[in-house]
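Participant: Just passing along the structure, written as structure tokens.
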Amino acid sequence: MSALSNKEFFKQLESNPKLLDHFKKLFLIAYGNGDDEIKRADAAEEAVTLEFRGLGKNLLNEWASTQEDKSAKNLKKTIPVVKAHSKKNSAG
């Protein structure tokens, strides 16, 4: 695994609004936000834990999606008839 430059990291972060939102919330917990500032350590711990759980869930979903795309591309190379999985669009 190679390291990302700061520029690459921020570019990736900006292209994923859900992950960016988690990081913003973590910074607000750490540095406060006026009226919403957390005043107790146990409340801060709980807030950070919840954000990291959400962040982890989103990261794993992104990883799974990336792996699925890679697998579909590899299968297409071997068997040109294979189609990538996609959600059905239904009105009902």
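Participant: Structure shown: which of LYS11/LYS73; LYS24/LYS77; LYS25/LYS73; LYS7/LYS57; LYS18/LYS73; LYS7/LYS39 lie over 32 Å apart, alpha-carbon to alpha-carbon?
Facilitator: Among LYS11/LYS73; LYS24/LYS77; LYS25/LYS73; LYS7/LYS57; LYS18/LYS73; LYS7/LYS39, the Cα-Cα distance tops 32 Å for LYS24/LYS77; LYS25/LYS73; LYS7/LYS39.
Participant: Given labels modelled 7 Å from the Cα in the Cβ direction, how far is it in nm from LYS11 to TRP63?
Facilitator: Those two pseudo-labels are separated by 2.3 nm.
Participant: May I ask for the percentage of alpha-carbon pairs in segment 13-78 that lie more than 21 Å from each other?
Facilitator: Counting every Cα pair in segment 13-78, those more than 21 Å apart make up 41 percent.
Every number here is computed from the coordinates shown, using simple stated rules; none is lab data. Since the model is a prediction, treat every value here as computed from it, not as a measurement. Counting neighbours? That spans all protein chains shown, and the Cβs are built from the backbone with ideal geometry, glycine included.
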